[in-house]
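Heads up: the structure comes next, in structure tokens.
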Amino acid sequence: DVQRQQEDNLRRLWYNFAKGDLLPALEQDDSQPFNFYVLGSGFEEILVHNAVRQDVMLAIGAVVVVTVLLSCEMWHLLLGMMGAYLIALSMAMAFTVCSGLFGITNLGMPAVLPLFMIVAFCSEGLLFVVDSWRSSAEHVDTDRDRLVWSYRNAGKETMSVSMTVAAMLLTNLTSDVRPLRELAAFMCVSVVTAWLLNMSIFLPYCYLIDWSGRYDEYLAARSAAATSLTGKACRSRGPCVVFAAAVAVVSFGWSAGLVETSMGRFSLLPAEHNLNRAKALHENFEGLHKALSPIAAPPPLTGEVCNGTELGKAALDECPVQWCEVAEKPFSHGTEFVPQEANGSTCRCMRSASRQDCGSAPEAIVRVRFVGVDSLQGVRVRDALNGSMSAANLSMDEEAPISEAQLPPLLLQEWDSGDVQLKSVHLASVFANRTFTNESSSCGWEEICFCGTYICRLPDNWTEVSGVEWAAEGKRTTAPPTGDSVPAVVPWTVVAGERAFVDVVFGLIVEPRSPMFGSPNYQDLWQFNPKFEMERPWTQRSLYAFCDEVPEQLRIVTKACWIEDFRKFALERGDRFPVTEAYFMPTMVDFMAQSQTGGVGSRNFMWVREGKIVASYMQFEVDVSRYAAQEQVLEYQARWDEYLFQWNSDVERYSRGAWHSSDLWNRANALRELGSSLKRTMIFGVLTLFACAWMSTWDWRLACLILLPTWVIMSLFAWFIFVALRWPVGPFEVIAVNVFFAFAVVPSLHILYNFAGDQALLGHEPDLSDVAGAKVKRVKRVTHALQSSIIAIVGGSLNTLAASLFLFYCQLSVLSELGATLVALSVISFVISLGPWPALLLMFGPQEGGGCCPSPAQCLEGVDDLGHMKHEVKAGFSGIVPDWAPPSPRPKSA
């Protein structure tokens with residue numbers, strides 16, 4: 001507990017420092033002549049938090065703009081404020097219902113989608129209610145009758161639209177992706193809640209507040225706009241429908257040919273953000289636990305410096321670096337140093353005789369230090385030593401061993417200019433035979449050979465001798481060995497930072513299941529395998545063979561297999577592997593306390609219960625990119641499936657049950673499921689739209705016709721996001737299309753239900769003098785549909801556009817992308833619903849109400865219009881509508 005508290009305090013201290021001091025200083029300092037990238041613990045959380053805080057102000061601005069627009073569209077400030085309040089209240093009530101009934105408490109980032117779609121949907125519903133209330137003054141006189149008339153018309157129409165959208169959203173419940181099901185449930189409840197609030201609060205509020213008059217100018221402008229649109233649609237209905245269909249076919253085919261899935265990086269911040277650039281750059285390097293030893297420590301800031309010209313061998317632990325002053329710069333032109341040719345040359349050597357008196361000793365020691373070579377493989381050491389020994393009455397056996405060692409690097413510095421070179425130093429030592437055991441035979445010497453480097457300033461007792469041939473950069477002077485002696489180099493294709501990891505688990509049984517809504521209880525999804533016994537020798541052999549015999553087709557780069565480290569640990573202690581059952585746990589306890597695997601403690605790879613290892617896992621780094629294509633990932637996953645299946649079939653029963661997991665194919669399978677969910681939702685959504693339209697209009701022809709504008713809208717929308725914006729199909733895009741599909745048809749549904757409504761044929765006869773071949777009833781129905789819906793459609797589209805424009809300035813990339821899609825969807829839906837869709841109804845829409853069977857409302861109205869049972873019908877509705885009667889007889893054809 002004390003350690004955990006200290007860690008929490010340390011994290012809090014670092015978070016406050018990074019947020020309050022470090023990041024602000026880095027963001028403000030633009031004077032640096034180089035690029036720097038910020039990457040570290042807590043940085044992304046801080047940056048996203050700062051971005052959200054700035055975006056909240058934009059969201060508040062969007063709410064204010066929507067409220068002002070609603071007030072202008074409704075011609076009433078109080079109505080606009082009440083409408084904005086009810087929009088927020090509907091979403092709050094929906095979240096409360098979903099939380100209490102379904103356990104949905106966290107919708108995540110996809111919850112941004114329904115907020116703006118519900119704003120658009122609720123705005124259209126509110127405007128339609130206001131329009132119906134004001135239109136009621138043309139049909140009935142008293143406020144009480146106007147309220148009843150509005151409930152009868154606006155209530156039925158908005159209920160039909162709301163229930164259709166809700167039913168289409170419910171088709172997402174067939175998805176296997178839980179977040180999509182939760183999002184669909186929340187939006188469905190929001191739609192139903194918005195309709196209930198409109199009918200229970202907003203319409204009575206209109207009755208109480210909106211009493212200022214009949215709004216003659218408002219109604220006249222609406223009627224003129226509807227009549228004008230109808231006339232234009234009549235005159236160009238054929239070319240308009242054909243053009244829209246042709247554009248939809250081209251857009252659909254174009255989009256289908258360019259759609260590609262993506263498992264790339266998903267970031268809430270823009271792609272050009274400093275943090276994303278840092279992540280991309282960081283992926284080109286090995287992780288810290290691989291680049292450094294587990295016991296690695298930073299180098300000391302100070303240390304002893306040895307004189308590179310002193311005799312004797314400088315020990316690495318005593319002297320980390322040697323130093324000498326430069327006396328000469330060979331191969332120089334002026335002040336510029338030009339190194340020797342890359343194919344090698346002759347080293348310049350300086351010699352100092354040994355000062356020791358060897359007396360009558362039979363051997364003398366000769367040491368030669370080579371400066372500037374990476375290894376002694378490219379230096380002809382034996383030839384150089386033999387050539388100089390005969391003159392000193394020394395000899396060397398052919399088989400005499402030459403001792404080699406690497407010394408601390410030598411820093412050669414020219415004192416005047418400060419020019420430096422840091423070169424490696426290798427030492428070659430050999431014991432030579434003295435020909436005479438007197439003064440005539442040398443007692444040995446020290447040599448320093450400078451190979452392509454500066455020359456150190458040496459004491460006077462150093463003299464230059466003949467040089468030694470060498471190959472630059474330690475290259476071999478002879479051809480490298482061929483055949484089986486040269487290990488094969490595996491051509492890894494993925495940089496270190498982008499490689500994926502695969503975990504293989506032993507001893508756990510997982511039962512994957514997910515509730516319809518809410519987070520699952522993860523403790524109930526797994527249990528330990530009672531048959532797994534790690535202490536058995538055959539289990540140890542099986543796990544070791546699993547790591548040691550991984551097939552090449554799995555492209556393993558590195559392995560974190562604790563069983564291999566355990567085997568090495570046991571053998572170094574003098575034990576046998578596999579360890580017998582009696583000594584397994586005592587050995588394992590020491591192993592877990594002392595050993596590391598993959599840069600972390602080996603105990604982190606095991607589950608220990610009651611002094612027994614009940615499960616474990618191993619991790620493999622593979623040469624497959626974390627952002628590989630979905631098809632490549634699924635094919636690679638199939639290789640692991642085959643290997644695990646074969647391994648589980650061959651091992652004995654105490655080791656069976658191994659399974660693999662990886663974020664790599666978790667994302668690939670999720671994306672595949674999202675794709676199948678999209679297809680399934682589209683199919684069920686189309687069927688649901690057809691069924692709801694049929695049940696609402698009781699005309700199968702209208703139910704078929706509504707599918708055409710829906711297809712056109714979604715085809716154009718798909719072209720915009722997949723072709724114009726070049727977005728690949730990722731999780732966010734699939735969820736967005738699922739959500740947008742239900743809301744894209746709302747304007748068209750308003751026109752459809754008003755086209756088939758009870759009041760469609762009660763208006764004045766239209767002027768068809770300039771429209772050849774037009775059907776009067778179709779024109780009247782289209783005119784009525786546009787007149788009843790145009791305010792709601794135009795106002796809802798304007799509100800969506802106004803709110804979406806704020807998203808373009810958001811710091812979070814997902815919000816800016818959402819703004820682009822919302823603008824595109826609003827424009828496309830607006831144009832299609834007020835252009836090709838009315839033209840299509842003018843060409844193919846039914847003139848008579850009802851198809852194979854009339855609606856119940858039409859049956860009652862037909863009896864009422866014929867005068868039969870008039871008093872009985874009125875008496876039956878007297879408790880609800882005591883004094884209402886139709887203002888004028890309706891044609892029987894209605």
- Item | Where labels lie 7 Å past Cα in the beta-carbon direction, separation of R53 and W254 in nm | 4.4 nm
- Task: Roll a 1.4 Å probe over the protein heavy atoms and report the accessible area of M618 in Å², nearest 10.
- Result: 0 Å²
- Query: Among 347-354, 750-757, what's the highest-first ranking by average C-beta atoms within 10 angstrom per residue?
  - Reply: 750-757, 347-354
- Task: Subtracting the Cα-Cα distance from 0.36 nm times the residue separation, let me have the gained length for T227 to T346 in nm, one decimal.
- Result: 32.9 nm
- Could you give the alpha-carbon Rg of the stretch 518-627 over 2.2 N^0.38 Å, rounded to two decimals? 1.19
- Total charge of the residues flanking A792 in space, meaning their Cβ is under 11 Å from its Cβ, with Lys and Arg +1 and Asp and Glu -1, is -3
- Work out how much length E404 to A25 would gain on full extension: take 0.36 nm times their residue separation and subtract the Cα-Cα distance, in nm to one decimal. 131.3 nm
- Query: Scaled to the compact-protein estimate 2.2 N^0.38 Å, what is the alpha-carbon radius of gyration of the stretch 400-463, rounded to two decimal places?
  - Reply: 1.49
- Item | Virtual spin-label span in nm between D176 and M81, 7 Å along Cα→Cβ | 5.3 nm
- Note on the structure: T105 neighbourhood, Cβ < 14 Å, K/R = +1, D/E = -1, net charge 0
- Message: Using a probe radius of 1.4 Å on heavy atoms only, what accessible surface per residue do you get for the stretch 685-747? Whole Å² is fine.
- Response: 33 Å²
- Query: L196 to A92: extension gain in nm, 0.36 nm per residue of separation minus the Cα-Cα distance?
  - Reply: 36.1 nm
- Note on the structure: As a Kirkwood estimate from alpha-carbon pairs, the stretch 367-437 has a hydrodynamic radius in angstrom of 14.0 Å
- Task: With all protein chains present, calculate the accessible area of T697 using a 1.4 Å probe and round the result to the nearest 10 Å².
- Result: 10 Å²
- Query: Which entries in K232/K777; K531/K568; K232/K780; K531/K559; K559/K612 show an alpha-carbon gap greater than 21 Å?
  - Reply: K531/K568; K531/K559; K559/K612
- For the stretch 181-195, 3J(HN,Hα) per residue [Karplus equation, 6.51 cos²θ - 1.76 cosθ + 1.60, θ = phi - 60°, Hz, x = Gly/Pro]: 5, 5, 5, 5, 5, 4, 5, 4, 5, 5, 5, 5, 5, 4, 5
- If we count every other residue with Cβ under 11 angstrom of F620's Cβ, Lys/Arg +1 and Asp/Glu -1, where does the sum land? 0
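Mind running the shape call on the stretch 581-660? Use the C-alpha gyration tensor, a ≥ b ≥ c as the square roots of the eigenvalues: rounded below 1.5 for a/c, prolate if a/b tops b/c, oblate otherwise.
Taking the square roots of the gyration eigenvalues as a ≥ b ≥ c, the stretch 581-660 is oblate.
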- Using a/c under 1.5 as the rounded threshold, could you call the stretch 519-566 rounded, prolate or oblate? The axes a ≥ b ≥ c are square roots of the C-alpha gyration tensor eigenvalues, and prolate needs a/b larger than b/c, oblate otherwise. oblate
- Take the Cβ-Cβ distance between R672 and A582 as r, set R0 to 41 Å, and report the resulting FRET efficiency rounded to the nearest 0.05. 0.25
- Task: Express in Å², to the nearest 10, the accessible area of W719 obtained by rolling a 1.4 Å probe over the protein heavy atoms while all chains stay in place.
- Result: 80 Å²
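The values are calculated or read from the model by the stated rules, or taken from the named source; none is laboratory data. Keep in mind that what you see is a predicted model, and the values were worked out from it rather than measured. FYI the Cβ positions are ideal-geometry reconstructions off the backbone, even for glycines, and counts take in every protein chain you see. Keep in mind that these areas ignore ligands, DNA and RNA; they rest on the heavy atoms of the full protein, side chains included. Shrake-Rupley method; radii C 1.70, N 1.55, O 1.52, S 1.80 Å.
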